[in-house]
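The values are calculated or read from the model by the stated rules, or taken from the named source; none is laboratory data. The structure displayed is predicted, hence computed values, not measured ones. Note that we place each Cβ from the backbone using ideal geometry, even for glycine, and neighbour counts take in every protein chain shown. Accessible surface is based on the protein model in full, side chains and every heavy atom, while ligands, DNA and RNA are left aside. Shrake-Rupley method; radii C 1.70, N 1.55, O 1.52, S 1.80 Å.
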Amino acid sequence: MTNTNSPANVDNTNEGISVLKSLRSLMPARALSYPEALQRAEAQAHRLLTLHGITQGPVPIEIVTELPRLRVERTYDLPVSGSAHWDGGSWILTVNAAEFDRRQRFSVMHEFKHVLDHPTRHLIEGDRQPKLTAEQMAEKVADYFAACVLMPKAWVKTAFFNDHVRTVEALADRFMVSPKAMSFRLNQLGLTVPVDRCAPTIATVSARPIRSYRSAPGPRRYHRALPAPDLALKEATP
């Protein structure tokens, strides 16, 4: 959720503005398809980490919260997980204080993506192929950006394959994210494994990405649904 009031002109020599300009420069001045928007979001996440010299998790949210002309506020009265607006001098990221700390970390990064996209928000037209409206696309891309910042693909795979950290809970602790966010990210990266249809436990992670299970010989196996990802920042009901 974001407020689209236009920010005033600011000093471009400001360090924080330079970070914003650097990340925004990765977005072309044209509408993007949903897959293209995801690719650009991941590139922005990578550059943000590189600019701050962050090479391993957990990622400190101070790489965003300590930027000049940006302030984070927490309130118990917010009907959504987060929001962003320009107050005339700074960007204000408001997060829901009733949610636990790791969810708030995700919300900060999600809202920061809306700040990054503010100059090109009019170019977000949605994508008819996955049947996304402009609003839905903006929210999903912001979720993806937050996931790429807090759980970069290479880092998660290094922890999984090299360090043998292979439970959702342990990985969530390593990256300081919620288990639901980590479950979603593992599924996104192809690190979930199919389980027997009658097995009593939820899907676990595997040392080998599962590309397809339908073509495998033997009895058919099914993916047991992971907990629904608690990532989407839904708009408040009027």
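Within the range 44-60, track down each residue that is at pLDDT below 95 and under 16 Å from the mean Cα position of the chain (by Cα).
Scanning the range 44-60 gives a single hit, G57.
Restricted to the range 18-32, and to residues that are part of a helix (DSSP H, G or I) and among the charged types (D, E, K, R), which residue is nearest to H122 (Cα to Cα)? Lay out the reasoning, then the answer.
So the first thing to find is which residues in the range 18-32 are part of a helix (DSSP H, G or I), and the list is 18-24.
Those left that are additionally among the charged types (D, E, K, R): 21, 24.
Working: K21: 18, R24: 14 Å.
Selected residue: R24.
Do you know which of the residues in the range 101-111 that are farther than 15 Å from L38 by Cα and of a type outside the set (A, V, I, L, M) is most open to solvent (accessible area, probe 1.4 Å)?
The qualifying residue most open to solvent (accessible area, probe 1.4 Å) is D101.
Residue by residue, here is whether (1) in contact (Cβ under 8 Å) with a residue 24 or more places away in the chain; (2) open to solvent by 30 Å² or more (accessible area, probe 1.4 Å); (3) within 19 Å of L150 (Cβ to Cβ) holds:
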position: L49; (1), (2), (3): yes, no, yes
position: G57; (1), (2), (3): yes, no, yes
position: T65; (1), (2), (3): yes, yes, yes
position: R71; (1), (2), (3): no, yes, no
position: R74; (1), (2), (3): yes, yes, yes
position: P79; (1), (2), (3): yes, yes, no
position: W91; (1), (2), (3): yes, no, no
position: V95; (1), (2), (3): no, no, yes
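Of A147, A170, which residue is touching a Lys or Arg at 6+ places or on another chain (Cβ under 6 Å) and either surrounded by 17 or more Cβ atoms within 10 Å (Cβ to Cβ) or outside any strand (DSSP E or B) (or both)? So that I can check it myself, show each step before the final result.
Numbers: A170 fails: touching a Lys or Arg at 6+ places or on another chain (Cβ under 6 Å).
So the residue among A147, A170 that is touching a Lys or Arg at 6+ places or on another chain (Cβ under 6 Å) and either surrounded by 17 or more Cβ atoms within 10 Å (Cβ to Cβ) or outside any strand (DSSP E or B) (or both) is A147.
Give the number of residues within the range 118-140 that are touching a Gly at 6+ places or on another chain (Cβ under 6 Å) and part of a strand (DSSP E or B). Walk me through how you get there before you give the answer.
Going residue by residue through the range 118-140, those that are touching a Gly at 6+ places or on another chain (Cβ under 6 Å) are 132-134, 137.
Going one step further and asking which of them are part of a strand (DSSP E or B), we end up with 132.
Number of matching residues: 1.
Taking the range 57-94, which residues are part of a loop (DSSP other than H, G, I, E, B) and in contact with a Gly (Cβ under 7 Å, 6 or more places away or on another chain)? Write out each step before concluding.
As a first pass, look at the range 57-94 and keep what is part of a loop (DSSP other than H, G, I, E, B): 57-61, 66-69, 76-81, 87-90.
Listed by number, the residues that qualify are L67, P68, R69.
Considering only residues that are in a loop (DSSP other than H, G, I, E, B) and either open to solvent by less than 20 Å² (accessible area, probe 1.4 Å) or modelled with pLDDT under 95 (or both), which ones fall in the range 150-163?
Taking the range 150-163 as the starting set, the residues that turn out to be in a loop (DSSP other than H, G, I, E, B) are 151-152, 163.
If the condition is that a residue be in a loop (DSSP other than H, G, I, E, B) and either open to solvent by less than 20 Å² (accessible area, probe 1.4 Å) or modelled with pLDDT under 95 (or both), then M151, P152 are the ones that fit.
Going by the conditions given, is R128 at pLDDT below 95 and either closer than 22 Å to A37 by Cα or surrounded by fewer than 22 Cβ atoms within 10 Å (Cβ to Cβ) (or both)? Write out each step before concluding.
Values: at pLDDT below 95: yes; either closer than 22 Å to A37 by Cα or surrounded by fewer than 22 Cβ atoms within 10 Å (Cβ to Cβ) (or both): yes.
In short, yes.
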